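The values are calculated or read from the model by the stated rules, or taken from the named source; none is laboratory data. Keep in mind the model is a prediction, meaning the values are calculated, not measured. Counting neighbours? That spans all protein chains shown, and the Cβs are built from the backbone with ideal geometry, glycine included.
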Amino acid sequence: MTKREAADRLYNRVMQYVSDEDSVQARQFLPMALAAYQRVDDLDRDGHYHVAVLELVNENPSGARAHADTILAEEPDHLFGLATAAQAEMKMGNEREGLAFFRRFLEVYDTESRRALPEYAEHSLVIPAIREEALQAVRDP
């Protein structure tokens, strides 16, 4: 198993616990998942997305924002970069900036979601949920 595969397994485990609302188990595996990603050389966009999500779960929105920025520096309209930047800004209390990222997410959604990116395929069930979150945030600021 590669370092990335080990990190991804821990990410999936944490996300399953979050989905199951098992915060005790999620908190137990969260530091291990973050440490595993630190051992991976040259994270791709999907890896940065995973770390951003883990940082949001870890209540570290500035860490999440840093990984979102890395994604957006490479792909300015990347849905996961825009979404995690929006979520991080909202958690930091920067509603205006968060809403701006959610609006941009919605502006590029149709075009961007049709791109054949591996990370979009891997997280295909998450993308519509993020879209709903963005719509809700923009509707009810």
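Note on region 3-19: among residues that are farther than 20 Å from Glu59 by Cβ and basic (Lys, Arg), the one that is surrounded by the most Cβ atoms within 10 Å (Cβ to Cβ) is Arg4.
A single entry from Ala64, Ala85, Ala121 fulfils the requirement of being free of Cβ contacts under 8 Å to residues at least 24 places away in the same chain, part of a helix (DSSP H, G or I) and either more than 20 Å from Gly47 (Cβ to Cβ) or in contact with a helix residue (DSSP H, G or I) (Cβ under 9 Å, 6 or more places away or on another chain) (or both): Ala85. Just one of (1) of a type in the set (Ser, Thr, Tyr); (2) over 23 Å from Ser124 (Cα atoms); (3) in the same structural domain as Arg115 (by TED's automatic domain parsing) fails for Thr70. It is (2).
The residues on offer are Arg96, Arg27, Arg9, and the sole one that is basic (Lys, Arg), assigned by TED's automatic domain parsing to the domain that holds Val138 and without any contact (Cβ under 8 Å) to a residue 12 or more places away in the chain is Arg96. The requirement of being more than 24 Å from Leu10 (Cα to Cα) and aromatic (Phe, Trp, Tyr) is fulfilled nowhere in region 43-55; no residue meets it.
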